[in-house]
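See structure below.
The values are calculated or read from the model by the stated rules, or taken from the named source; none is laboratory data. It should be emphasised that the depicted structure is a prediction, and the values quoted were computed from it without experimental measurement. Here the Cβ is made from the backbone with ideal geometry for all residues, glycine too, and neighbour counts use every protein chain on show.
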Amino acid sequence: MTDAANIHKAYELAVEQYESLGVNVQNALNRLSRIAISVHCWQGDDVVGFEGNEGALGNGLAVTGNYPGRARNPDELRNDLEVAYSLIPGKHRLNLHALYGEFDGFVDRDAIDIEHFQGWIDWARSQDVNLDFNPSFFSHEKASDGFTLAHADSGIRQFWIDHGTACRKIAAAMGKAQANACINNFWVPDGLKDTPANRKEPRERLAASLDEIFTENFSANQTLDTVECKLFGIGSESYVVGSHEFYMGYAISRNKMLCLDAGHFHPSEMISDKISSVLMYVPQLLLHVSRGVRWDSDHVVTYTDELQTIMQEIVRGEYLDRVHIGLDFFDASINRVAAWAIGTRNALKALLAALLEPTEMLQQLEREGDYTARLALIEEQKMMPLGAIWNHYCQTAGVPVGIDWLEKTRQYEANVQSLREVELGAANV
């Protein structure tokens with residue numbers, strides 16, 4: 001019996017087990033195939049970007065590790081992404097930051113335009129990939145003191161307002177080109193390392209700056225604005241201007257999407273518990289699926305309890321059409337393409353597990369007050385043959401099954417990524 005035959009046989013047996021609980025496996029796979037994860041570009045180059053300011057990372061961000069093969073230009077990054085997408089079942093999106101434009105000479109953040117991203121639009125069209133976007137309020141001399149849109153200096157504040165305004169126009173152009181909305185996410189790292197004497201005024205300035213940026217109306221078919229909250233960060237341990245409460249109120253009052261990042265809260269807080277509450281008051285949610293370890297350290301997504309609970313909440317609440325799932329991690333201690341594959345495949349596995357739950361049965365038991373049976377069924381579900389369904393899904397999607405994807409990344413590292421280090425060394429001689 002061939003490997004393919006073994007995979008199919010295991011799948012058929014697994015289908016029978018799920019059917020015994022009233023779960024239609026094919027329906028679950030059909031729904032999974034329509035879910036697009038927004039894969040973040042910045043894992044591929046350690047959040048350096050292509051402005052010519054290598055090593056300028058800062059303002060609340062840090063990447064550790066020196067694994068060889070970092071993408072050094074847009075073509076290398078696109079090649080790496082193509083390999084990553086070939087290892088992941090389904091059709092997925094790409095999340096770009098503004099500092100990843102293609103600039104012929106110096107272009108400051110307030111002067112970027114759609115022409116600097118035309119190469120990405122052309123590539124995305126050729127790959128059947130849709131784009132999302134983000135302004136970049138970090139790694140810049142005008143953000144060196146920890147403030148941008150909330151800055152007390154009106155000139156610096158206006159510079160960043162102009163950057164945000166330019167990014168909205170770029171996102172709208174991307175959405176128009178791809179005929180579906182480009183999600184444009186605003187994360188602003190403004191804050192202080194030590195306790196502030198005035199928490200109010202920076203928040204007033206941030207709200208006013210955002211209001212100015214959002215003055216122009218764009219079609220929801222072209223772009224959707226999202227604001228992202230945070231509890232603390234590097235250099236802003238005591239005070240972040242854009243807290244959860246700030247952005248929750250802003251999103252509700254301005255009818256904006258809210259972004260919840262899995263690493264942006266206290267370690268004892270889980271965003272899975274926030275999803276149903278937030279969606280009572282905001283139209284849609286963006287999730288940045290990440291893995292914080294003790295602090296917001298953006299580790300590669302693994303198959304954790306919280307990841308599973310996040311996906312369960314989306315499915316159980318019937319929120320698949322209101323929640324957009326993106327990734328946000330960066331690890332320079334391992335192969336960067338492998339990090340994409342591991343994180344995205346894990347997010348999809350957790351989604352599949354949630355789609356394979358006997359949700360209606362669980363909720364009916366809860367409505368009836370039969371918490372004993374509810375708990376018993378939840379625990380029994382954990383031993384169901386998810387792996388057999390996942391392997392079948394990968395096989396039918398034409399991507400590597402099991403750990404076979406790892407060999408492809410090793411070959412790519414040997415044949416492509418490792419040569420970048422040789423070229424870099426030769427150039428420095």
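Do any strands (runs of 3 or more DSSP E) lying entirely in region 261-303 carry at least 3 residues that are in the same structural domain as GLN43 (by TED's automatic domain parsing) and under 22 Å from ALA353 (Cβ atoms), and which ones are they? It would help to see each step written out before you state the result.
Details: elements: 285-289, 291-293, 295-299.
Filter on region 261-303 gives 285-289.
All of (1) surrounded by fewer than 17 Cβ atoms within 10 Å (Cβ to Cβ); (2) modelled with pLDDT of 95 or more; (3) out of contact with any helix residue (DSSP H, G or I) (no Cβ under 8 Å at 6 or more places or on another chain) hold for ASP113 with one exception: (3). Within region 340-358, one or more residues are under 21 Å from GLU19 (Cα atoms), outside any helix (DSSP H, G or I) and touching a Lys or Arg at 6+ places or on another chain (Cβ under 8 Å).
Suppose we filter region 28-51 for residues that are touching a helix residue (DSSP H, G or I) at 6+ places or on another chain (Cβ under 7 Å), part of a helix (DSSP H, G or I) and over 14 Å from GLU76 (Cβ atoms); how many remain? Full working, then the answer.
If we filter region 28-51 for residues that are touching a helix residue (DSSP H, G or I) at 6+ places or on another chain (Cβ under 7 Å), which is where we start, we get 28-29, 31-32, 35, 37, 39, 41, 43-45, 49-51.
This time we only want the ones that are part of a helix (DSSP H, G or I), so: 28-29, 31-32, 41, 43-44.
When the remaining residues are screened for being over 14 Å from GLU76 (Cβ atoms), the result is 28-29, 31-32.
Total meeting the criteria: 4.
Against the condition part of a helix (DSSP H, G or I), touching a strand residue (DSSP E or B) at 6+ places or on another chain (Cβ under 9 Å) and in the same structural domain as HIS288 (by TED's automatic domain parsing), how does GLY175 come out, does it pass?
Details: part of a helix (DSSP H, G or I): yes; touching a strand residue (DSSP E or B) at 6+ places or on another chain (Cβ under 9 Å): yes; in the same structural domain as HIS288 (by TED's automatic domain parsing): yes.
So GLY175 passes the test.
Among all positions in region 272-288, there is no residue which is in contact with a Ser or Thr (Cβ under 9 Å, 6 or more places away or on another chain) and among the basic types (Lys, Arg). Taken together, the criteria place ASP328 among residues that are among the charged types (D, E, K, R) and either crowded, with 23+ Cβ neighbours inside 10 Å or in the same structural domain as GLN381 (by TED's automatic domain parsing) (or both). Figure legend. Inter-residue proximity from region 11-39: first residues surrounded by 11 or more Cβ atoms within 10 Å (Cβ to Cβ), second residues outside any loop (DSSP other than H, G, I, E, B) and modelled with pLDDT under 95, beta-carbon distance below 9 Å, spacing 6+ or different chains. Indicated pairs: LEU21/GLU380; LEU21/GLN381.
Only one of GLU216, GLU245 is more than 20 Å from the chain's Cα centre (by Cα), outside any loop (DSSP other than H, G, I, E, B) and of a type in the set (Asp, Glu). Can you tell me which?
Values: GLU216 fails: outside any loop (DSSP other than H, G, I, E, B).
Result of the check over GLU216, GLU245: GLU245.
Conditions (1) out of contact with any strand residue (DSSP E or B) (no Cβ under 8 Å at 6 or more places or on another chain); (2) crowded, with 22+ Cβ neighbours inside 10 Å; (3) at pLDDT below 95, marked per residue:
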| residue | (1), (2), (3) |
| --- | --- |
| VAL107 | yes, no, no |
| PHE117 | no, yes, no |
| TRP120 | no, yes, no |
| ARG125 | yes, no, no |
| LEU131 | no, yes, no |
| HIS151 | yes, yes, no |
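Quick check: is even one residue across region 248-259 touching a Lys or Arg at 6+ places or on another chain (Cβ under 8 Å), part of a helix (DSSP H, G or I) and free of Cβ contacts under 8 Å to residues at least 60 places away in the same chain? Looking for residues that are touching a Lys or Arg at 6+ places or on another chain (Cβ under 8 Å), part of a helix (DSSP H, G or I) and free of Cβ contacts under 8 Å to residues at least 60 places away in the same chain, one finds at least one in region 248-259, hence yes. Would you mind stating whether GLN284 is more than 30 Å from TYR412 (Cα to Cα), modelled with pLDDT of 95 or more and in contact with an Asp or Glu (Cβ under 9 Å, 6 or more places away or on another chain)? Judged against the criteria, GLN284 is a match.
Would you list the helices (runs of 4 or more DSSP H) that sit entirely within region 359-429 and hold 1 or more residues that are of a type outside the set (A, V, I, L, M, F, W, C), modelled with pLDDT of 95 or more and buried (at least 16 other Cβ atoms within 10 Å of the Cβ)?
On the way: elements: 359-367, 371-381, 386-397, 404-412, 418-428.
Correct list: 359-367, 371-381, 386-397, 404-412.
Within region 192-233, the set of residues being of a type in the set (Phe, Trp, Tyr) and touching a strand residue (DSSP E or B) at 6+ places or on another chain (Cβ under 7 Å) comprises PHE214, PHE232.
Here is a list: GLU421, GLU366. Which entry is farther than 19 Å from LEU286 by Cα and assigned by TED's automatic domain parsing to the domain that holds TYR85?
Within the list GLU421, GLU366, the selection yields GLU421.
The combined condition, being of a type in the set (Ser, Thr, Tyr), surrounded by fewer than 18 Cβ atoms within 10 Å (Cβ to Cβ) and at pLDDT below 95, is not fulfilled by SER277.
Residues in region 89-105 that are touching a strand residue (DSSP E or B) at 6+ places or on another chain (Cβ under 8 Å) and not charged (D, E, K, R): 6 in all. Could you grab me the full set of residues in region 208-225 that are under 10 Å from ILE161 (Cβ atoms) and either among the basic types (Lys, Arg) or touching a Gly at 6+ places or on another chain (Cβ under 6 Å) (or both)? Selection gives ILE213 alone.
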